[in-house]
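Notes to accompany the following structure.
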Amino acid sequence: GAVRRWLGDRGELPGRSLVAACPITVRDHGGAAADDRHGNRFGLWPCPLGTDVEDPVARLALISRSMAEGKRWVAKRGAAASLLTTAGSIAATVVPPLLPLTQKLRTGFNLPISHVPGPECEMYWNGAHVEEIYPVSTVFDGLGLNVTTCSYAGRIGFGYAAGRDVVPDVEALIPMTERSLAELESGLGVGA
């Protein structure tokens, strides 16, 4: 919703939905094996963000259906198969900016969106209460925005990393995110 609003405010909202590259864990949440305590094990899923859909509840339903399918697909095939099958769309996005050519057509995905599960209980650091956790990520040539969320003690923090030349006012996404979440809560009949 925030990305849709940001693009719309600038007259740059495309007619087709943006697509996010979303990592999906293939780690067993029931209990990790002794040799599987560290490292990342994930697949990737291209998820349409519904930026072409005005209704926030319909957008959420579209994203939810896609991510549920992605989780089933990645779980069935595993991380390696998932990464291999998405390699083409990833390469189509990240390789052309590295080449000394003018890019005519962009394919693949538009931005990465990921979630990092954090501690489920309140934490302390050297005796100080940790109030919030905000994720940090990166962008690189060919991508202008990276969105990462992090859960912590029943809350969620949003982290935006942006290329200054593409999203010079990244801070504008914060109130847009708050407004989009409020619209979604209202549409779903939840919240205070």
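Annotation: residue 10 fulfils all but one of (1) on the phi > 0 side of the Ramachandran plot; (2) at pLDDT 90 or above; the unmet one is (1). Among the conditions (1) open to solvent by 70 Å² or more (accessible area, probe 1.4 Å); (2) on the phi > 0 side of the Ramachandran plot, residue 188 misses just one, which is (2). Within region 152-192, being within 20 Å of residue 9 (Cβ to Cβ) and of a type in the set (Phe, Trp, Tyr) holds for 158, 160. Only one entry in 41, 72, 37 is modelled with pLDDT under 90, open to solvent by 50 Å² or more (accessible area, probe 1.4 Å) and in contact with a helix residue (DSSP H, G or I) (Cβ under 8 Å, 6 or more places away or on another chain), namely 41.
Every residue, every condition in (1) modelled with pLDDT of 95 or more; (2) open to solvent by 90 Å² or more (accessible area, probe 1.4 Å), yes or no:
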| residue | (1), (2) |
| --- | --- |
| 130 | yes, no |
| 136 | no, yes |
| 143 | no, no |
| 153 | yes, no |
| 165 | no, yes |
| 174 | yes, yes |
| 180 | yes, no |
| 183 | yes, no |
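The values are calculated or read from the model by the stated rules, or taken from the named source; none is laboratory data. Computed from a prediction, not measured in an experiment: that's the story for all the values here. Note that each Cβ is placed from the backbone with ideal geometry, even for glycine, and that neighbours are counted across all protein chains shown. Just the protein is used for accessible areas: all its heavy atoms, side chains included, with ligands, DNA and RNA removed. Shrake-Rupley method; radii C 1.70, N 1.55, O 1.52, S 1.80 Å.
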